[in-house]
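Below is one structure, written out as structure tokens; comments come after it.
The values are calculated or read from the model by the stated rules, or taken from the named source; none is laboratory data. The structure displayed is predicted, hence computed values, not measured ones. Please note: Cβ atoms are built from the backbone with ideal geometry, for glycine as well, and neighbour counts cover all protein chains shown. Remember, those area values only see protein heavy atoms, side chains included, never the ligands or the DNA or RNA. Shrake-Rupley method; radii C 1.70, N 1.55, O 1.52, S 1.80 Å.
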Amino acid sequence: QFEVTVRTALQEKAFKLLESSASSHHHHLEVKAPMPGLILKVTKKVGEQVELGDSVIILEAMKMENDLKSPSSGIIENIFVTEG
């Protein structure tokens, strides 16, 4: 028996980025979309506590919904986008 995780190239890039961010001790991190798209939902508010991997924004790109996750734990200082 083998346990296998299958990821697209984009998912693998995001996974590696999350891993490297988790190991670093940055205090000012940004969540950036991997591609242009429409912001469907902002799931957190300024001042909220987030943990590594928490959903922050739902982005629609190429008719697919992408869940952008927090690269580290902390408190949200600013949100520069709005839904729509």
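Tabulated results
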quantity: Candidates 70, 20, 55: whichever shows maximal mean-square fluctuation once the chain is modelled as a Gaussian network with Cα springs under 10 Å; calculated: 20
quantity: Contact order normalised by residue count of the chain, Cα under 8 Å, 6+ apart, percent; calculated: 30
quantity: Heavy-atom accessible surface of the chain: percent carbon and sulfur, 1.4 Å; calculated: 56
quantity: Listed residues 69, 44, 13, most fluctuating in the chain (Gaussian network, C-alpha, under 10 Å); calculated: 13
quantity: Choice from 31, 46, 56 showing the highest fluctuation, given a GNM over the chain with Cα pairs closer than 10 Å; calculated: 46
quantity: Environment charge at residue 38 (Cβ cut-off 13 Å; Lys +1, Arg +1, Asp -1, Glu -1); calculated: -1
